[in-house]
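Participant: One structure, as structure tokens, below. Some questions next.
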Amino acid sequence: MPKRYKFINFSQNEETLTVEYRIKNSIILLFLFRLIIPTNLCNFALLKQKKMMQLQYMSLASGSSGNCCYIGTEEYGILIDAGIGIRTIKKALKDNNIPFERIVALCITHDHADHIKAAGHLGEKMGIPVYTTTAILNGMNRNYCMNDKIYSAHREIVKEVPFMIRDMEITAFEVPHDGSDNVGYRIRYGEHTFVLATDMGHITPTAAKYLSEANYLVIEANYDATMLQNGPYPLHLKRRIVAPRGHMDNAETAEFLATTYRPELTHIFLCHLSLDNNHPQLAYKTIEGRLYNEGIRVGKDVQLITLARNHASQLYVFEK
Ligand SMILES: [Zn+2]
Ligand SMILES: [Zn+2]
């Protein structure tokens, strides 16, 4: 019957329309809901998650009389090398309101006296774990300069195998130098990448790979080639310094930095400057000039800092 048919048809159409209308409305509502509310919630959650993470760095001493630096977060910190006295370490930390108890680890680069003098005391007497390779540890324990030998405090590490100290991811990498074994360190913390390579004869492809990842780079600029050549050192010592497993001169460091610079590199710290064969200003000018030739402006594109031999730097605080 047409009437009935019409009625049924009308009813079906109405139902279909109602369902369609409801679906359309739901889609719009869902879209608005997803667009406005959850996005805001998401952003809020992301903002909460993306809380600025702070990485701190301070050089306590840098050079052949002693090396030690602090890398820390707002809660804890580590030392790299301990070639200066415990009292000097404590004072430098205290001057920057860093309680000594905040130190949770010591990482060692190699077994030369200017890097390890206080390591045994910090490790065995004060209970601070000492991270280094077995070859470096054996060299340290043979070294006369370390009165306290390290046994239980040792934490073995393997080059290029990352390990965690709290939420810092640390990787030791091979550098060419004349210690029993020699490493640099890359430290990742949140979005920060800190890399340190002191005492390094030249830059190998492995070292270059790590160094060029840095946001904050501590790199050696040990000597000026002319000053060393004309300086008072005996020939055998001059040869040792310029050898591929010796130290880096200003020009080599400048060349590496100028040819590998990326905008992500914001701070360059020049370390282990020689007292007799370099001047902080000469190292600074050599590197600044070479960077300038590549169109990289010190002070604008990157900060350049020479680290002092016998006193602590300021505490640098990086936020990301
Ligand atoms: Zn050294
Ligand atoms: Zn050395």
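Participant: If amide H atoms are built 1.01 Å from N in the plane of the peptide, which residues on other chains or at least 5 residues away come under 5 Å of the amide H of Thr133?
Facilitator: The answer is Ile157.
Participant: Here's a follow-up. Which aspartates and glutamates, on any chain, are close to Lys300 with Cα under 16 Å apart, when same-chain ones fewer than 8 places away are left out?
Facilitator: Glu264, Glu288
Participant: Once R0 is set to 56 Å, what does the formula 1/(1 + (r/R0)^6) return for the Cβ-Cβ distance between His236 and Glu74, expressed as a FRET efficiency to the nearest 0.05?
Facilitator: Calculated transfer efficiency: 0.70.
Bear in mind these aren't lab numbers, they're just calculated from the coordinates by the rules spelled out. Just so we're clear, the structure is a prediction, and the values are computed from it rather than from any experiment. So basically every Cβ, Gly included, is an ideal-geometry build from the backbone, and we count neighbours across all protein chains shown.
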